[in-house]
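The values are calculated or read from the model by the stated rules, or taken from the named source; none is laboratory data. Just so you know, these numbers come straight off a predicted model, no measurement behind them. Because the Cβ atoms are built from the backbone with ideal geometry, glycine has one as well, and the counts that use them run over all protein chains shown. Heads up: the accessible areas ignore ligands, DNA and RNA and are worked out on the full protein's heavy atoms, side chains in. Shrake-Rupley method; radii C 1.70, N 1.55, O 1.52, S 1.80 Å.
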Amino acid sequence: MTQSLVLLASESRHEALLEWLDRQALAVAGFPLIATTELAGRLQGDPRTSHLTVTAFEPLAEGGDIRLAARVLAGGVDLVLAFLDPEAPPGTPPDARLLLRACDLASVPLALSSATADLLMRGLAHGRAAYLIFNPVAGQGDPNADLALIRSILEPQFLVTVLLTREGVDPAEQTRELVDLLQSRPASDADNVMIVASGGDGTVSAVAGAVAGTGIPLGVIPRGTANAFASALGIPTDLLGACDTILAGHTLVVDTALCNDVPMTLLAGLGFEAGMVDRATRELKTMLGPLAYVLAGAQQLATQQPFQARFEIDGLVTEVQAAAITVANVAPPTSVLAQGFGRVIPDDGLLEITIASPTTRLQGLNALASLLTSAVVQSPANHPDLICLRAREITITTDPPQKLVIDGEMLEAETVTFTCVPGSLTVFAPMPPP
């Protein structure tokens, strides 16, 4: 059941409550808040608390405190914060006797000062806090039903705060703001939190890139089309299985990467893969699901033109004619173009680079077939039109400039530098078999 806090305050104690809420912003953000109309208006109008979501009940003059006491008796409240004026005449709303009686009958903690409120909040937040970054437009299911199911599974164990992604706002930026807030708190608080990403690979990669290097563990609840990151790490792609993986608590430390200083969790593609991803529009993925990439790949294969590529690895320079270049940090077997070695190792401190250089469409099909076989048997590909490398850092220059896809996001760059960042991300994942 979702925890909730009831907030009450005498007029003379509004400022004290605002100061307390500002100081406890991180802990309070995990609770739905309930207050009377006048107090809710005061909270929404103050910059210190305007970010909080508050449900308003009737004003005190119309029995708002009575309604809140009834809510306490109904079992929908886990804590009442009542900052009351000790010098107010008996019976002055909000009525302390009414609150004391309701909390006593329902066995609900009641805090009458900031000191007792601090102690009670520590008790409520004794478990871990999970900040769920949820993309409501990901996947083909009902996002409201998905979110309700996720919360019903996680909330008995964690204090869950939901942050919805917003159109036009980069989820990575939202995550960085959250990370800054978490890291500004005492170390004991920061050690007891996790960030959970729920959406497609674009959302998961954006959140992972912002979490990498912070030490904050990442939970993944995949709801996209390909769900490549989850599949690569063995994370279940159904909601129940993904949530159970987080509850189990086993973590895996994996590498991340930077591409021209842009975080990269999965892989980047130049040439064929970038064109394929560009063709697989959201409308096409909504209609066809994973088959959208198959159709887009067939279309791209018919139009892909070779290009010159210059590689610099550890001071050594070489040039080849290529049709596709894939640089992978984490990738499942279904990411066929990353399977030059038959398997992408997520925690070896190296990037896997696969270069396809066919000159005809038939050679391209043969190279793809070789990569597919390599992925199935998990052994290096053996084909004359494929070059496979592992490197900590690589710089690639293309002529003409090619479209570049990084974790599903399209860019264009003439020169790109990839750098592996070893052991920078901790992810909840199933325990590997013995």
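Checking every residue in segment 251-272 against the condition of being at pLDDT below 90, closer than 17 Å to Val336 by Cα and assigned to a helix (DSSP H, G or I) gives at least one match. Of the residues making up segment 84-99, those that are at pLDDT 80 or above and of a type in the set (D, E, K, R) are Asp85, Glu87, Arg97.
Are any residues in segment 416-434 at pLDDT 90 or above and either farther than 25 Å from Gly215 by Cβ or not in a strand (DSSP E or B) (or both), and if so, which ones? Can you show your working first?
Filtering segment 416-434 down to residues at pLDDT 90 or above leaves 416-430.
Val416, Thr417, Ala429, Pro430, listed by residue number.
The numbered conditions (1) within 23 Å of Ile406 (Cα to Cα); (2) open to solvent by 10 Å² or more (accessible area, probe 1.4 Å); (3) among the polar types (S, T, N, Q) are all true for Ser198 except (2).
Of everything in segment 335-375 that's charged (D, E, K, R) and out of contact with any strand residue (DSSP E or B) (no Cβ under 7 Å at 6 or more places or on another chain), which residue is modelled with the lowest pLDDT?
Start the filter on segment 335-375 by keeping residues that are charged (D, E, K, R), which leaves 343, 347-348, 352, 361.
Those left that are additionally out of contact with any strand residue (DSSP E or B) (no Cβ under 7 Å at 6 or more places or on another chain): 343, 348, 361.
Working: Arg343: 90, Asp348: 95, Arg361: 65.
Result: Arg361.
Helices (runs of 4 or more DSSP H) fully within segment 108-200 that include at least 2 residues being at negative phi and at pLDDT 90 or above: 143-154, 171-183. Within segment 312-325, residues that are over 12 Å from Thr395 (Cα atoms) and free of Cβ contacts under 8 Å to residues at least 40 places away in the same chain reach partners that are surrounded by 12 or more Cβ atoms within 10 Å (Cβ to Cβ) and among the polar types (S, T, N, Q) with beta carbons closer than 7 Å, at six or more positions or on different chains, in the pairs Gln321/Gln308; Gln321/Ser357.
Please pick out the residue among Pro86, Pro90, Pro94 that is at negative phi and touching an Asp or Glu at 6+ places or on another chain (Cβ under 8 Å).
From the options Pro86, Pro90, Pro94, the qualifying one is Pro94.
Look at Glu155 and say whether it is over 19 Å from Ala242 (Cα atoms) and of a type in the set (Asp, Glu). Please lay out each step first, then the result.
Values: over 19 Å from Ala242 (Cα atoms): no; of a type in the set (Asp, Glu): yes.
No: the conditions fail for Glu155.
Among the residues of segment 260-273, those that are out of contact with any Asp or Glu (no Cβ under 9 Å at 6 or more places or on another chain), under 13 Å from Phe418 (Cβ atoms) and either among the aromatic types (Phe, Trp, Tyr) or open to solvent by less than 60 Å² (accessible area, probe 1.4 Å) (or both) comprise Gly269, Leu270.
Against the test of being within 30 Å of Thr175 (Cβ to Cβ) and either open to solvent by 40 Å² or more (accessible area, probe 1.4 Å) or free of Cβ contacts under 8 Å to residues at least 12 places away in the same chain (or both), the options Ala145, Ala130, Ala138, Ala117 yield a single qualifying residue, Ala145.
I'd like to know if segment 225-245 contains one or more residues that are under 15 Å from Leu132 (Cα atoms), at pLDDT below 90 and open to solvent by less than 10 Å² (accessible area, probe 1.4 Å). Within segment 225-245, none of the residues are under 15 Å from Leu132 (Cα atoms), at pLDDT below 90 and open to solvent by less than 10 Å² (accessible area, probe 1.4 Å). Do the conditions hold for Val108, that is, is it over 18 Å from Ser10 (Cα atoms), touching a helix residue (DSSP H, G or I) at 6+ places or on another chain (Cβ under 7 Å) and crowded, with 21+ Cβ neighbours inside 10 Å? So Val108 does not fit the description; no.
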